[in-house]
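Values quoted throughout were computed directly from the atomic coordinates according to the rules given, and no laboratory measurement underlies them. Quick caveat, the model's predicted, so the values are computed rather than measured. Backbone-built Cβ (ideal geometry, glycine too); neighbour counts: all protein chains shown.
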Amino acid sequence: MKSSNPVLGRITAAAQQPTYTVAGGPAPTYSYAGRTYQQPDAGYGYPETVQAPRDVMTIDDVVVKTVSLIGAAAAAAAATWILVPPPAMGVVWIAAMLIGLVLGLVISFAQVTNPAVLFAYAIVEGVFLGAVSKAFETRWNGIVAQAVIATLGVFLVMAALYKARIVRATPKFMKVVIGAAAGLGVVMLINLVISLFTGSAGPLRDGGGIAIVFSLVCIVVAALMFVVTFQQIEDGIAAGLPRKYGWLGAFGILVELVWLYLEILRLISYFQED
C-alpha cells in the first residue's frame, strides 16, 4: 500500500515577481506578470508527489526482532543450564514446556504483537531448552553442540534455497506444509499427554524405527516451514503491514528453530543409544 501524501506544494505566482513551481508534469513552470511559461524539459522528469516514510515492516527490522528473540532464548537457556540443579531439571523442563505451549498457542491464534509477551515466550522457551539440553548432554556428551550446528546448517540451507527461488512458496505448497505441521503438532500433543499419564515415551519417541522415521518427517516439515515463514514475511513487507507485525515473523522463525533443534537432538540421541 503506497502513500499519496505530497510533500511538495505548489508555489503560486506573485505579481510582477518571477517565481517557480512544480506543476506536477514532466517539467517545471514559472509565472511572471500574470502569465505562465513552461521550462524546456531536459529529460530529468519531476515527480508529482514524494512518498512520505511510514512505520511499516522491513526485512532489516524483522531480522533485528528475530535476533533479539533468539538472543533472549539463548540467554535463558544458558542461565538454566548453569543455575538450575540437576534434581530440579525435570520439574523445570515440564513446567516451562507447558507454559510455553499455552503461551505459543495464544500468540499464534490471537496474533499477539506485544514485545513483552513475545520476549516472555522466548525466555520460557529458553528455560525449556536449557533444561532439555542439560539432560541430553549429561547422558550423551557432545550431543548439544552437534544438534546446534545441524540446526543452524538446516536453517541456512533453507534460507539460501528460498533466496535462490529453488524452493518456491506457492499457495499449494504453503497449504500442504502448514497442514502437515498442524497434523504433526496434534499427534505430538496426543503423544505427550499419553506419556505424562503412562510414563512411557511410546513408539513415536522410544528410539525405535518408527521414532526415527517420525523425527525425520518432523525435521523435513520444520525445515519447509522456514520457507512458509519467509514468504509470509515477504508478503507482509510487500503489503506495507505495520512494523509491529514483524514480531510475528520473528516469532515464527523462533518456533521453527526450537522445533527443529529438539527433533535433531532426539534423532541424534537415537543413534547414540547403547
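The order of Tyr270, Tyr162, going from fewest to most other C-beta atoms within 10 Å of their C-beta, is Tyr270, Tyr162. Each peptide in 101-114, 253-266 receives the mean, over its residues, of other Cβ atoms within 10 Å, and ordering these scores from highest gives 253-266, 101-114.
Binning the C-alpha pair distances of region 64-215 at 10 Å intervals from 0 yields a P(r) profile of 9, 28, 42, 19, 2 %, listed from the shortest bin outward.
Charging the Cβ of each Asp and Glu at -1 and of each Lys and Arg at +1, and nothing else, the dipole of region 59-270 about its Cα centre rounds to 240 debye.
Compare the peptides 117-129, 170-182 by average per-residue count of other Cβ atoms within 10 angstrom and give them in order, highest first.
Details: 117-129: 22.5, 170-182: 13.4.
Order by mean packing, descending: 117-129, 170-182.
Close amide H contacts of Val56 (hydrogens built in the peptide plane, cut-off under 5 Å, sequence separation of 5 or more or a different chain): Arg243.
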